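Structure first, commentary second.
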Amino acid sequence: MSDYDSNALCYVSESPVHGRGLFARRDIQIGTWIGHYDGPETSNNGMHVLWVEADAGATDEWLGYDGSNELRFLNHSKAANAEFDGRDLYARILIREGTEITIDYGDEFEADL
């Protein structure tokens, strides 16, 4: 099991949002690549599964990846400060050191609440 401490930009710690979360190790500038979502492809949904559109031309085709690195601890926020481009995570805004890094899980997530 990884200790999730190999990313120079972020670390995993207890989160006020939910369980554990991902936090900025230092200030992260807008547009900065934070990391790649590692993990095997899966067709089963789960707590640490990231769903990505299969390709730009496909409609309603999604691939799931069961997270195996620190990015699996990203929590949800409608005011997210990071976003994915495929499986690559980028800062949407300046993320200050010590701030939790969040993504918007999307409308489907909100419907499940």
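What follows draws every value from the coordinates through simple rules; no lab data is involved. Predicted model, so just to flag it, every value in this text is computed and none were measured. All Cβ positions, even for glycine, are placed from backbone atoms using ideal geometry, and neighbour counts span all protein chains on display.
Simple spin-label estimate for Thr42 and Asn7 gives 1.8 nm between the two label positions (7 Å along the Cα-to-Cβ direction from each Cα). Here r is the Cβ-Cβ distance between His18 and Asp60 and R0 is 22 Å; the resulting FRET efficiency, rounded to 0.05, is 0.20. The 3J(HN,Hα) values that the Karplus relation (6.51, -1.76, 1.60; θ = phi - 60°) gives for segment 76-90 are, in residue order, 8, 8, 5, 9, 4, 9, 9, 8, 8, 10, x, 9, 9, 9, 10 Hz. Gly and Pro appear as x. When each of Ile95, Ile101 is scored by the number of other beta-carbon atoms lying within 10 Å, the sequence from fewest to most is Ile95, Ile101.
One entry in [x] 12.7, 38; [y] 14.6, 47; [z] 13.7, 39 is Rg and Dmax of the Cα atoms in Å calculated from the shown coordinates; its label is [z]. Counting every other Cβ atom within 10 Å of each residue's Cβ, Tyr37, Tyr90, Tyr11 order from fewest to most as Tyr90, Tyr11, Tyr37. Put in order of Cβ neighbour count within 10 Å, fewest first, the listed residues Val12, Val49 become Val49, Val12. The charge dipole of the chain, taken about its Cα centre with unit charges on the Cβ atoms of Lys, Arg (+1), Asp and Glu (-1) only, comes to about 540 debye.
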